[in-house]
Every structure is written in structure tokens, then in C-alpha cells.
Amino acid sequence: MSVMVEAAKPPSKVMLEAKGIVKVFGTGAGEVKVLKGIDLQLRSGELTLLMGPSGSGKTTLLSILGCILTPTEGDLEVAGNSTEGLDAEGLADVRRKNVGFVFQGYNLFPTMTATENVMLALDVRSALVVDAPAHAVGALDAVGLAHRATAFPSKLSGGEKQRVAIARALAGSPSVILADEPTAALDAENGRAVMALLSEVAKDPNRAVLAVTHDHRTIPYADRIIRIEDGYIVGEERPGETPDQGSKTHAGKRRRSGTNKTKALGGRYRIRRHD
Amino acid sequence: MQANIDTTAPLAGEGGGKPKPVKMAAKLAYRNLFHDRLSLTVTLVGIVFSVVLVAVQCGLYIGAERMIAVMLDQSDGDLWIVPYGTKSFDDPTFLMGHEKYAVLSTPGVEDAEELVVNFSAWRKPGGGTTTVLLVGSDHVEGSLKPWNIVEGSLNDLRAPSTVAVDDTYFVDLGVTKIGDTAEVNNMRVKVAAVTHGIRSFTTLPYVFTSLARARTLLGTSANQASYTLVRLAPGADPKEVRDALEARLKDREVLEQAEFRKRSVDYWLFQTGAGAALIAGAALGLIVGVVIVAQTLYASTKDHLNEFATLRALGAAASYVYKVILIQALLSAVIGYAIGMVISLLVIWASKDTSMSIVMTPGLAVLLFALTIGMCAIAAVSAIFKVTRIDPAGVFSR
């Protein structure tokens with residue numbers, strides 16, 4: 001019987017910090033306060049789930065954290081960059097340099113192959129690479145899809161599409177990955193594969209992953225779960241953590257479990273070992 | 001030991017090559033364009049229609065200008081003595097007479113050449129009459145004589161009662177070959193030479209003959225001419241010679257070659273409205289092209305709005321999205337221009353033996369390319385305006 005020995009995990013860093021985020025839509029009698037003062041940190045090496053009922057403000061918060069919407073009040077820092085006072089192009093610049101997105105509907109470019117979808121993200125991020133197609137295929141290989149590199153999205157299954165979307169989100173190595181309902185359009189098996197993959201992605205010590213979801217099947221893959229209701233964060237938990245055990249240890253154990261699942265489902269993910 | 005997914009391999013700088021930017025905007029534009037073949041076809045039809053219409057209209061304009069000035073361009077002179085108030089070469093009356101001798105005795109003049117030009121009645125051998133423009137000139141020492149002779153020769157025109165006609169007007173003149181006879185002002189003439197491609201803007205056929213025979217056919221005196229063409233001596237000051245000629249030849253006009261050319265072209269193209277119609281046709285072609293391209297490009301942009309929103313959400317600058325749309329427009333322009341030019345050249349080739357002169361010059365080809373690019377760029381504005389209002393937040397939870 002082999003014994004797994006976990007190396008000392010590098011200390012996590014704050015990759016994204018939101019303070020006092022308030023978002024109000026409309027004015028006067030039509031005013032709707034969607035977010036009512038959100039404080040949130042995303043730390044590197046963690047997969048955080050943002051869960052809550054419909055209308056709780058999950059997607060609005062995700063849009064603000066992704067620098068797509070500006071908050072009515074509050075401060076946001078992404079990878080150490082303050083977004084205060086930035087116009088639409090300034091926010092786009094922060095997104096381009098620091099944020100990768102995974103969308104519920106995949107949002108792949110239908111006229112581009114899987115490789116080209118990843119290369120497009122490299123172009124948007126102004127990434128400098130020696131061999132762009134090889135780099136893109138490498139990213140696809142990392143999500144177990146090198147063999148589908150030349151396929152167009154219409155020829156890919158839902159799970160494959162979402163994995164291409166994850167490869168695209170990873171192109172250019174952004175500090176923060178934000179996923180919007182990444183499993184909502186997938187069956188159970190593909191949903192598990194995608195969450196296992198996001199869990200692997202989150203292990204990078206220089207990256208934080210946040211997934212908005214209402215899918216309880218995703219909970220086993222989370223390092224941390226934030227619950228939001230009616231514009232407030234109403235709870236936060238670390239699954240598997242008990243009062244007498246460090247969260248890192250438990251998260252690590254659970255994550256190893258996720259890795260095994262990933263291997264079992266695909267077995268093609270390229271793994272890099274950090275000593 | 002920590003397991004981590006390798007998302008960065010191969011890294012920038014790996015493999016020994018120099019890292020360089022990834023360029024995908026053109027590919028995305030190309031794919032968007034060719035993804036919807038029907039939409040692309042409609043766009044190209046619009047551009048091709050516009051290119052052909054503008055090419056033909058502009059080609060007609062240039063052809064008309066060349067036809068109007070053909071006699072002036074073919075002659076070799078510095079100054080023209082013309083009857084007072086002459087509007088164009090094809091609007092002749094007669095000078096008062098004896099101008100040649102007055103001209104030759106003016107300091108600074110090397111040579112003078114008389115031209116007798118006037119309308120005449122051409123009676124066809126098979127019956128019927130048509131009006132022609134009879135051009136009488138010195139076929140030996142003069143500069144204006146029939147050119148592009150495809151049958152017969154200038155020597156053949158030395159024979160009595162001979163004329164040269166252009167094969168473009170065989171049907172109008174009722175003749176088909178050398179040796180056919182007709183009547184000019186009730187005097188018998190024989191076709192001794194045939195030219196090709198000497199077309200008249202007024203559609204009245206030019207009929208060339210010798211100076212003396214033209215005077216006979218038109219019933220004018222031996223000292224009378226329609227125009228006197230003046231060649232200056234080397235080193236002579238054109239302005240001084242012109243002033244001297246104007247002082248000596250009252251009630252006539254002394255015009256520089258370029259001045260007479262411009263007066264002729266302006267008269268036919270602008271005073272008669274013919275040129276304005278051609279320019280209006282070209283402008284209409286451009287407007288129709290802009291509208292069709294704008295409409296299809298706008299529709300294409302709407303079809304791909306979600307993709308453009310995704311690009312924005314991924315962090316693409318607005319300029320990146322504009323670049324994709326503009327490349328789509330420019331690709332359409334280049335393809336449309338190429339097809340349009342091929343069709344235009346076919347139209348021009350098909351019209352080469354007709355009385356309609358359509359001309360394509362390298363300058364016009366370049367101008368058409370620039371117009372097509374400009375037209376498509378303008379057409380892209382509506383699509384760009386649509387994209388500026390994209391809300392990237394719309395990409396969530398679709």
C-alpha cells in the first residue's frame with residue numbers, strides 16, 4: 001500500500017479582493033439594490049464556489065469581480081490592481097491581463113477550431129509566444145483535448161466544449177478564473193469532469209478560481225463555499241474542515257480525491273510536479 | 001509534492017525561437033465572412049454591382065473626354081485660331097479667310113496648318129442620308145490626318161474624290177469596304193481608306209479627306225478654313241505670339257491647345273449635361289454599394305454579436321473588435337473589387353467595336369480600388385456603431 005506524502009504547500013496569496021461592493025440598478029422608484037455590501041477575498045490555490053438562489057446577486061457579483069460591471073460603491077483589486085476610476089477600456093485591460101472566464105453557454109467561436117479558440121484568447125491577451133498553435137495545443141492537452149484540437153465547436157460534446165473554454169480561459173495564465181455556472185449545461189459525468197478540471201486548475205499557487213453555481217454536485221470539489229442571498233454574503237464554509245483540523249490539510253485530501261477522479265475520467269491531463 | 005495542471009507549456013520563449021504576438025483578428029474576420037455564404041454572396045453582389053456601375057460610368061466619362069478631344073490630341077500645334085465663340089472642335093463654322101498668311105508673317109511662328117471641318121450630308125449608296133463631320137486636312141505636311149488605318153493608305157487618298165471612313169460607322173454610312181461610293185453634298189466620293197476606332201462623341205461619323213477636296217465638297221474658297229493650327233518657332237514666347245496674333249486677327253479667338261481641349265470637353269460634358277449624368281450614375285453606384293454593404297455587414301455583425309460580446313468579456317479592447325469588423329469589410333471590398341473589375345473589363349471588351357467608348361486606365365483602376373475600400377469602410381460604420389453598444393455582461397447565464 002502506497003502512502004501519499006503531501007509537500008509543504010506554498011502560502012496562498014490574495015488574488016482578488018472586494019470591499020463593500022454595492023450595486024444598484026435603475027434610479028428613483030425603479031431602483032433595485034442587487035448587492036448590499038459584499039466583502040470577499042479570492043486566494044491563490046483555491047477553488048471557491050459562490051452559491052445562492054436565483055436573484056441573489058451571484059451573476060452581478062461575478063460581473064463586478066470580472067471587471068465587466070462597475071460597482072455603485074466599493075473597491076475592487078484584481079491581482080493587486082485597483083479598478084477604482086477605470087473606464088470601460090481600463091477595466092477591459094484589467095480583464096485582459098488578469099481574468100479568464102468560463103461561461104455557462106461555453107461561448108466558443110463557432111467558426112474557429114478548438115486550437116484557434118485558444119489562440120484567439122492569446123491574441124486578445126496580447127500574449128507573446130514562440131509557436132502559437134503548439135502553445136494552444138499544449139493548453140488543450142492540459143485539459144485532455146489535444147486529440148480534438150482541429151475540431152470545430154459544433155463537432156464537440158458539451159463537456160468537450162467546456163474543457164476547450166477552460167483551456168481558453170487559461171491561455172495567457174491569468175491570475176483569476178471566473179466560471180459562470182460551468183456545469184449547468186452538462187450531464188452528471190461531464191459536470192464532474194469539468195469540476196475536477198477546475199479543481200486541478202485551482203491548484204496553481206498563482207491562481208484563484210471562483211465558480212458561480214447552484215449545482216450541488218459541485219460541492220465536493222470546492223475548497224471554499226460562499227453563500228449569497230438577497231445581495232448579502234450569508235455564510236462561508238470549507239467542506240470537510242472540522243474544528244480540530246487545518247483547512248489546508250482537508251482541502252488537500254479532498255483535492256487529491258478530485259485529482260483521482262479527473263484521472264479516472266480522462267487520464268490525459270498533463271501534470272506538472274512542484275517540489 | 002504538489003500536483004498541478006500544466007497550463008503554460010509550451011511557455012513563451014521555449015524552443016529557442018523568439019516570442020511573438022499571436023494574430024487572429026484577420027482569421028476571425030475571414031471565418032465570420034465565409035461562415036455565412038448567403039450573406040457573403042449578397043455583400044459581394046452589392047460591391048460587384050457598385051464596382052461595375054462606377055467603372056462603366058467613369059470609363060464612359062474618360063471615353064467621352066477622349067472622343068471629344070480626339071482630333072485635338074491627334075494634331076500637333078501650339079495655338080489654334082478659331083472662329084469667335086467656338087464651343088468645341090465638333091461645333092465648327094468658318095474663319096473669315098486668309099488667316100494662314102497673317103499667321104505665317106507673325107514673328108515667332110514656324111508653321112501654320114489649315115483645317116476645314118464642317119457638317120455635310122452623306123447620301124448612302126443604298127439610299128438615305130446621314131449627317132457626317134467632314135474633316136479636310138493636309139495629308140502630306142499636316143499633323144492631322146487619318147490614323148489607325150486598317151485598309152488602304154494615305155497615298156490612296158491622293159486620288160480624286162476619295163475619303164477615309166471609320167469601320168465603326170459602316171452601318172451608319174451604308175458602306176462596307178474600300179471602293180464603295182457615296183455622295184457628300186451631292187458630289188460623289190469613294191472610300192479609299194478605312195480607319196478603326198476613331199469614334200465621335202456626337203455620334204456623327206468623321207469623314208476624312210484632303211484639304212482641297214473638303215473645300216470643294218463644302219463649297220468654300222481656297223483661302224477659307226475652319227481652324228488654323230499654329231506651331232511656334234523654337235524659343236518663341238507663346239504669350240507674346242498669342243498677343244501678336246490677337247492684335248492682327250480681330251473677331252477670331254486665339255487659344256492654346258490645352259485651352260481649346262478644355263473648352264471642348266467642358267462644353268460637351270458639362271454644358272450639355274452629358275458628363276453630369278455620367279458622374280451622377282457613378283455616384284449612384286457608390287451609394288447603392290454603400291447601402292447594400294452596410295446592410296449586410298450590419299446583419300452579419302448582429303449575427304455575431306454574442307461573439308463580439310465574448311471578445312469584449314475576454315478583455316479585447318474596443319479597437320480589436322472594430323478591427324475585426326473593418327477587416328471583414330476590407331476582405332469583402334478586395335474580393336468584390338476583383339470580381340467587379342473582371343466583369344467591367346469584359347463589358348469594356350464587349351463594347352470595343354461599338355460607337356460607345358468605355359476606357360479603363362491604370363489610374364481609374366486604382367481610383368476604383370480606393371473607392372471600393374472607402375465604400376466598405378463607410379459601410380462598416382453602422383456595424384461598428386452597433387458593436388459599441390454591446391454589453392459584455394450579457395455573456396453570462398445565457
Exercise. May I ask you to say which residue of B:92, B:10 is touching a strand residue (DSSP E or B) at 6+ places or on another chain (Cβ under 9 Å), over 30 Å from residue B:288 (Cβ atoms), within 8 Å of chain A (Cβ to nearest Cβ) and at pLDDT below 90?
Key: B:10
Quiz prompt | Residue satisfying all of: in region A:110-126; within 7 Å of another protein chain (Cβ to nearest Cβ), of a type in the set (A, V, I, L, M) and in a helix (DSSP H, G or I); farthest from residue A:155 (Cα to Cα) among these | solution = A:124
Self-check item: Every pair of residues 6+ apart whose Cβ atoms lie under 6 Å, when the first sits in region B:175-204 and is in contact (Cβ under 8 Å) with a residue 40 or more places away in the chain and crowded, with 16+ Cβ neighbours inside 10 Å while the second is assigned to a strand (DSSP E or B) and among the acidic types (Asp, Glu)
Solution: B:194/B:151; B:195/B:166; B:198/B:166
Quiz prompt | Of the criteria (1) in a loop (DSSP other than H, G, I, E, B); (2) without any contact (Cβ under 8 Å) to a residue 60 or more places away in the chain, which one residue A:53 fails | solution = (2)
Quiz prompt | Subset of region A:118-158 [of a type in the set (Asp, Glu) and touching a helix residue (DSSP H, G or I) at 6+ places or on another chain (Cβ under 8 Å)] | solution = A:123, A:131
Practice problem: Answer yes or no as to whether residue B:228 is surrounded by fewer than 20 Cβ atoms within 10 Å (Cβ to Cβ), farther than 21 Å from residue B:148 by Cα and of a type in the set (Val, Ile, Thr). | Solution: no
Quiz item: Looking at B:72, B:44, B:33, which is the one that is within 14 Å of another protein chain (Cβ to nearest Cβ), touching a helix residue (DSSP H, G or I) at 6+ places or on another chain (Cβ under 7 Å) and either farther than 30 Å from residue A:139 by Cβ or at pLDDT below 90 (or both)?
Solution: B:33
Quiz item: For residue B:310, which of the numbered conditions (1) within 14 Å of chain A (Cβ to nearest Cβ); (2) free of Cβ contacts under 8 Å to residues at least 12 places away in the same chain; (3) part of a helix (DSSP H, G or I) fails to hold?
Solution: (2)
Self-check item: All positions within region A:95-106 that are at the interface with chain B (Cβ under 7 Å from one of its Cβ atoms) and in a helix (DSSP H, G or I)
Solution: A:95, A:96
Practice problem: State all residues of region A:139-164 that are buried (at least 24 other Cβ atoms within 10 Å of the Cβ) and facing chain B (nearest Cβ under 9 Å); if no residue qualifies, say none. | Solution: A:139, A:142, A:143
Self-check item: Filter result for residue B:241 (part of a strand (DSSP E or B) and not hydroxyl-bearing (Ser, Thr, Tyr))
Solution: no
Exercise. Answer yes if at least one residue in region B:380-390 is within 14 Å of another protein chain (Cβ to nearest Cβ), hydrophobic (A, V, I, L, M, F, W, C) and surrounded by 16 or more Cβ atoms within 10 Å (Cβ to Cβ), and no otherwise.
Key: yes
Exercise. May I ask you to verify whether residue A:44 is surrounded by fewer than 23 Cβ atoms within 10 Å (Cβ to Cβ) and either small (Gly, Ala, Ser) or at positive phi (or both)?
Key: yes
Practice problem: Would you mention how many residues in region A:165-192 are part of a helix (DSSP H, G or I) and away from chain B (no Cβ under 13 Å)? | Solution: 5
Exercise. Looking only at region B:242-250, decide whether some residue is buried (at least 21 other Cβ atoms within 10 Å of the Cβ), under 29 Å from the mean Cα position of the chain (by Cα), at negative phi and away from chain A (no Cβ under 14 Å).
Key: no
Quiz item: Can you find a residue in region B:61-73 that is more than 29 Å from residue B:364 (Cα to Cα) and either assigned to a loop (DSSP other than H, G, I, E, B) or hydrophobic (A, V, I, L, M, F, W, C) (or both)?
Solution: no
Quiz item: Considering region B:251-300 alone, what residues qualify as being hydrophobic (A, V, I, L, M, F, W, C) and in contact with a Lys or Arg (Cβ under 9 Å, 6 or more places away or on another chain)?
Solution: B:254, B:255, B:268
Exercise. Identify all residues within region B:166-191 that are out of contact with any helix residue (DSSP H, G or I) (no Cβ under 7 Å at 6 or more places or on another chain), farther than 21 Å from residue B:155 by Cβ and among the hydrophobic types (A, V, I, L, M, F, W, C); write none if there are none.
Key: B:170, B:171, B:173
Exercise. Quick one: count up the residues across region B:352-364 that are buried (at least 16 other Cβ atoms within 10 Å of the Cβ) and out of contact with any Leu (no Cβ under 9 Å at 6 or more places or on another chain).
Key: 2
Self-check item: Which numbered condition residue A:22 fails, given (1) modelled with pLDDT under 95; (2) in contact with a Lys or Arg (Cβ under 9 Å, 6 or more places away or on another chain)
Solution: (1)
Quiz item: In region A:123-138, is there at least one residue being surrounded by fewer than 21 Cβ atoms within 10 Å (Cβ to Cβ) and at positive phi?
Solution: yes
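Conditions tested, residue by residue: (1) β-branched (Val, Ile, Thr); (2) within 10 Å of chain B (Cβ to nearest Cβ); (3) in contact (Cβ under 8 Å) with a residue 12 or more places away in the chain.
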residue: A:38; (1), (2), (3): yes, no, yes
residue: A:67; (1), (2), (3): no, yes, yes
residue: A:70; (1), (2), (3): yes, no, yes
residue: A:78; (1), (2), (3): yes, no, yes
residue: A:85; (1), (2), (3): no, no, no
residue: A:88; (1), (2), (3): no, yes, no
residue: A:93; (1), (2), (3): no, yes, no
residue: A:108; (1), (2), (3): no, yes, yes
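The values are calculated or read from the model by the stated rules, or taken from the named source; none is laboratory data. This is a predicted model, so every value here is computed, not measured. Cβ: placed from backbone, ideal geometry, glycine included. Neighbour counts: every protein chain shown.
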